[in-house]
Amino acid sequence: MSVSQKYRTFNQLLEDVTIDFSTYALEGMIEPQQLIKVATRVNYDLGLRIHRTKEVVLDVEHGKAKLPTDFAYLNYVFLCGEYTIADRQPSGTHIETFNDVPYVPAPGESGPCEDAECRDVCVIKTCSDTNQHQLVQRIGPAHYRTFTAFRPLRIQNVNDKVCDCPNVGEQAPDIAEIKDGFLITSFTTGKVYMSFQGAMEDHEGNLLVLDHPYCNEYYEYALKQRILENMMFAGENVGNQMGLIEGRLRAARNNALGFVNTPDFAEMRKVWTMNRRAQYHNYYNMFKSHPTIG
């Protein structure tokens with residue numbers, strides 16, 4: 001599944017369901033508070049792939065740093081070392097804003113080989129054959145930090161779920177733990193890069209759901225099934241409607257899970273590249289270290 005997915009709020013999802021069940025809505029048989037947990041369960045059923053992957057550089061002061069408000073699951077972290085600061089002065093009538101829009105670091109400052117769109121923090125590959133990477137962070141209008149030195153960081157005592165985080169078993173002198181919304185470190189000050197899965201909520205705390213034709217029906221039929229279930233408990237005769245909705249809910253769930261769990265082209269290319277390098281190492285590269293026979 002592509003990482004650039006669209007989302008909509010729970011209220012927008014409920015509006016679509018209310019239009020289909022307009023009669024029940026006019027009779028006051030739809031309670032939004034009873035349906036939020038249904039949408040949350042569907043998000044959990046679809047898995048972590050629907051969460052948006054985010055990046056941030058944390059400033060550690062006095063041995064702790066505040067985690068992002070939308071932090072949900074940890075992917076990996078590392079400790080940043082030396083960095084340089086680059087400035088680009090605005091020219092003409094250019095006006096710098098802090099809107100959450102993609103940007104591409106200037107090649108002269110960060111040296112990217114690929115023009116991949118980034119936001120305030122991004123990891124890029126240098127234009128050389130050394131397979132080295134740089135970390136670029138925007139710290140203000142036309143101001144960028146470029147990190148070129150990194151150290152491993154061991155994570156212990158995580159009080160929340162992790163996404164197979166490799167830092168949990170990392171053998172490193174620098175140690176940190178995630179606790180009560182903070183990253184608590186064994187060192188006093190520093191810069192820590194963190195990749196994490198964001199929570200399914202917007203900046204105002206509203207619940208988000210995935211907005212895609214293959215998944216919208218799963219959300220809508222799940223809400224409709226709960227509405228009809230509540231009506232049955234209230235003594236309403238909706239048995240026929242319930243049977244129809246449950247049958248279509250099963251089909252919609254299969255379609256949604258099939259879409260979410262299908263890898264996109266970039267993921268398949270990454271697996272192909274890794275397999276090709278492994279086969280090269282096993283069947284060709286080992287002969288390069290031996291002298292020619294004959």
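The values are calculated or read from the model by the stated rules, or taken from the named source; none is laboratory data. This is a predicted model, so every value here is computed, not measured. Ideal geometry is used to build each Cβ from the backbone, glycine not excepted, and the neighbour counts take in all protein chains shown.
Some notes on this structure:
- Criterion (farther than 28 Å from Phe21 by Cα, of a type outside the set (Val, Ile, Thr) and surrounded by fewer than 14 Cβ atoms within 10 Å (Cβ to Cβ)) met by exactly one of Pro213, Pro173: Pro173
- Inter-residue pairs, beta-carbon under 8 Å, first over 12 Å from Leu46 (Cβ atoms) and in segment 251-267, second at pLDDT 95 or above and in a loop (DSSP other than H, G, I, E, B), 6+ apart: none
- Scanning segment 269-285 for any residue that is modelled with pLDDT under 75, outside the structural domain of Lys224 (by TED's automatic domain parsing), under 30 Å from Ala39 (Cβ atoms) and not basic (Lys, Arg) turns up nothing.
- Spans of helices (runs of 4 or more DSSP H) in segment 1-86 with at least 1 residues touching a strand residue (DSSP E or B) at 6+ places or on another chain (Cβ under 9 Å) and at pLDDT 90 or above: 10-20, 32-46
- Checking Val158 against (1) over 18 Å from the mean Cα position of the chain (by Cα); (2) closer than 23 Å to His51 by Cβ; (3) modelled with pLDDT of 75 or more, the condition it does not meet: (3)
- Every listed requirement among (1) at pLDDT 80 or above; (2) within 17 Å of Ala72 (Cα to Cα); (3) under 21 Å from the mean Cα position of the chain (by Cα) is met by Tyr219 save one, (2).
- Options Gly247, Gly239, Gly235, Gly243: the member that is assigned by TED's automatic domain parsing to the domain that holds Val42 and on the phi > 0 side of the Ramachandran plot: Gly235
- Only one of the numbered conditions (1) more than 27 Å from Asp120 (Cα to Cα); (2) of a type in the set (Ser, Thr, Tyr); (3) in a loop (DSSP other than H, G, I, E, B) is violated by Thr188, and that is (1).
- Considered as a group, the residues in segment 178-210 that are closer than 30 Å to Met242 by Cα and surrounded by 20 or more Cβ atoms within 10 Å (Cβ to Cβ) include one that is nearest to the chain's Cα centre (by Cα), and that residue is Met200.
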